[in-house]
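To start, the structure under review is shown below, and the notes come after it.
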């Protein structure tokens, strides 16, 4: 079972011909309101990849909250640990350029009220994989990771956005996942970080694929799926969710990484984050297209 502790947002998606420079206004196409948030995205990605998933976090009582829940509920994510609070739901403003690249700003809203103690000890047990990101309060994320680690659960942290973490937390993590910019923000050698984790450090590089730096000093290089990207929003979240699902299903790490890479590529083929996330059968087919 996978427990995702993280953000639940509404995404305001605006297609633009080119991403604006500082101080520049760019006219775009019609906007869309879509469900998002790194936590919710990763929960849905893992669920579509075949895992049983619980989601913990916080949303407001505003009209957008039900829209944010729609695909999670339809997909089978257990929302019993999501709290309702007196703040608006988190919102991400996303501009997507013609090549699929994006710029994102996030207003945390209710996500700032996510608390680790909302997750009961009974959920944090051997056999559970706890997946966290950095869009809810860092102190709460750290508290949950340490409590989960102490109770025998496996832990995955997606360092997105790239905020500072206590180096001592690495010993409580099975796996850390970051893109190149987020990895660089740590300021340390990636291989050395991998050796300080219980399983390894995965660095994603977009179209260049990904590399896992393992605790035993080994590394695994994984190619990316070749696609003509429409929108890269949510590709990283898809990678994390599908990776967690593979590990939860007992797959060898390299196999789980290849599935995550293929799924992330598929997630770039349609607008939005959750709306573009693939199902297990499509991932199976895409894995066969990855270079060996």
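The values are calculated or read from the model by the stated rules, or taken from the named source; none is laboratory data. Computed from a prediction, not measured in an experiment: that's the story for all the values here. All Cβ positions, even for glycine, are placed from backbone atoms using ideal geometry, and neighbour counts span all protein chains on display.
Descriptive notes on the structure:
- In the range 124-137, the residues that are on the phi > 0 side of the Ramachandran plot reach residues that are surrounded by fewer than 21 Cβ atoms within 10 Å (Cβ to Cβ) and at pLDDT 95 or above with C-beta atoms within less than 7 angstrom, at least six apart or across chains, in these pairs: 127/1.
- Residue in the range 68-89 that is nearest to residue 1 (Cα to Cα), counting only those that are part of a loop (DSSP other than H, G, I, E, B) and in contact with a strand residue (DSSP E or B) (Cβ under 7 Å, 6 or more places away or on another chain): 77
- Test result for residue 46, buried (at least 17 other Cβ atoms within 10 Å of the Cβ) and in a loop (DSSP other than H, G, I, E, B): no
- Qualifying positions in the range 255-271 - farther than 23 Å from residue 178 by Cβ and touching a residue at least 60 places away in the same chain (Cβ under 8 Å): 271
- Looking at 264, 276, just one residue is at pLDDT 95 or above, in contact with a helix residue (DSSP H, G or I) (Cβ under 8 Å, 6 or more places away or on another chain) and on the phi < 0 side of the Ramachandran plot, and that residue is 264.
- Out of 11, 62, 30, one residue alone is part of a strand (DSSP E or B) and farther than 30 Å from residue 250 by Cα. It is 11.
- Filter pass, residue 253 being surrounded by fewer than 23 Cβ atoms within 10 Å (Cβ to Cβ) and over 23 Å from residue 3 (Cα atoms): no
- Listing of strands (runs of 3 or more DSSP E) fully contained in the range 90-153 that carry 1 or more residues being under 17 Å from the mean Cα position of the chain (by Cα), at pLDDT below 95 and surrounded by 19 or more Cβ atoms within 10 Å (Cβ to Cβ): 90-96, 102-107
- Residue in the range 213-235 that is assigned to a helix (DSSP H, G or I) and surrounded by 22 or more Cβ atoms within 10 Å (Cβ to Cβ) present: yes
- Taking the criterion of being under 15 Å from the mean Cα position of the chain (by Cα) and over 16 Å from residue 220 (Cβ atoms), the only residue of the range 181-202 that qualifies is 182.
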